[in-house]
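Notes follow the structure.
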Amino acid sequence: MPGLLLVVSGPSGAGKGTVCNLLRAREPQIWYSISATTRPPRRGEVAGRDYLFVSAEEFEDLIARGAFLEWARVYGHYYGTPRAPVEAALQEGKDVLLEIDTQGALQVKNKYPAAILVFLLPPSLSELQARITRRGTDTEEAIRARLEAASAELAHIYAYDYAVMNDDVEEAVRKIQAIMVAEKCRVGKGG
Ligand code: 5GP
């Protein structure tokens, strides 16, 4: 039986990274998809662990070759999920985790209706602003762009299967674990 394709997305600053890291620690069998991006690495990021950092030319070549399961432009940079490793992991029965933006999540749902889309909600937009600002790695202009994008992203929530409020990381991870258990018990999916 193929594994679960779990997509965690939601606005930047909703805490996707923190939640996904804790989820991976709690569920070490999950196969985490490493995205390709044309964004330059942030301080502390490691190529091949956090992202595959590629040039715009390389990314466009990969698009042309159909190498992405989904891709999107986010804040002026390309981001995409390499298709082959995800499909291989699912075929091996592994559960796969994608941490991507809403544009990408909707593309995945179109291609794989069985994908489980989880929308991670920040407690409020002001809390979201505080989180992005605290991170301290973005300029004021970039922060404003991210907040505007967050409001637009909220509009997509009804295309999702689940919404999880991230006011407490432990609780948010417990909810996602519960979603995974429930999905495996769904009639027609075996398990
Ligand atoms: P960041 O630059 O902060 O790492 O990521 C910016 C946004 O791009 C986040 O919302 C992140 O979830 C999203 N993102 C990361 N990888 C991918 C991907 O492969 N595809 C899509 N569509 N979005 C991604």
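The values are calculated or read from the model by the stated rules, or taken from the named source; none is laboratory data. The structure displayed is predicted, hence computed values, not measured ones. Neighbour counts run over all protein chains shown; Cβ positions are idealised from the backbone, glycine included. These area figures cover heavy atoms from the full protein model, side chains too; ligands, DNA and RNA do not enter into them. Shrake-Rupley method; radii C 1.70, N 1.55, O 1.52, S 1.80 Å.
Sequence-distant contacts, meaning Cα pairs under 8 Å at least 6 residues apart, place the relative contact order of region 27-75 at 31 percent. Over the chain, the Kirkwood radius and the radius of gyration, each from Cα atoms, give a ratio Rg/Rh of 0.94.
Normalised by 2.2 N^0.38 Å, with N the number of residues, the alpha-carbon radius of gyration of region 1-104 equals 1.05. Considering only DSSP beta bridges with both partners in region 1-123, what is the antiparallel share in %, to the nearest 5? For region 1-123, the DSSP antiparallel bridge percentage is about 40.
Annotation note: GluC sites (Glu not before Pro) in region 20-118 located in DSSP loop regions with a Cβ neighbour count of at most 12 within 10 Å are Glu92. Remark: region 49-191 carries a charge dipole of roughly 460 debye about the Cα centre, counting +1 on each Lys and Arg Cβ and -1 on each Asp and Glu Cβ. Which one of Leu90, Leu117, Leu98 has the biggest mean-square fluctuation once the chain is modelled by GNM with Cα springs under 10 Å? Result for the chain, Cα springs under 10 Å: Leu90 fluctuates most.
Each pair of Cα atoms in region 94-146 enters the Kirkwood radius, and Stokes-Einstein at 37 °C and 0.692 mPa s then converts it into a translational diffusion coefficient of 247 µm²/s. The slack between Arg26 and Arg135, meaning 0.36 nm per residue of separation minus the straight C-alpha distance, is 36.8 nm. Build a GNM of the chain with springs between Cα atoms under 10 Å apart, and of Gly104, Gly93, Gly136 the one that fluctuates most is Gly136. Rounded to the nearest 10 square angstrom, Cys185 shows an accessible area of 100 square angstrom against a 1.4 Å probe.
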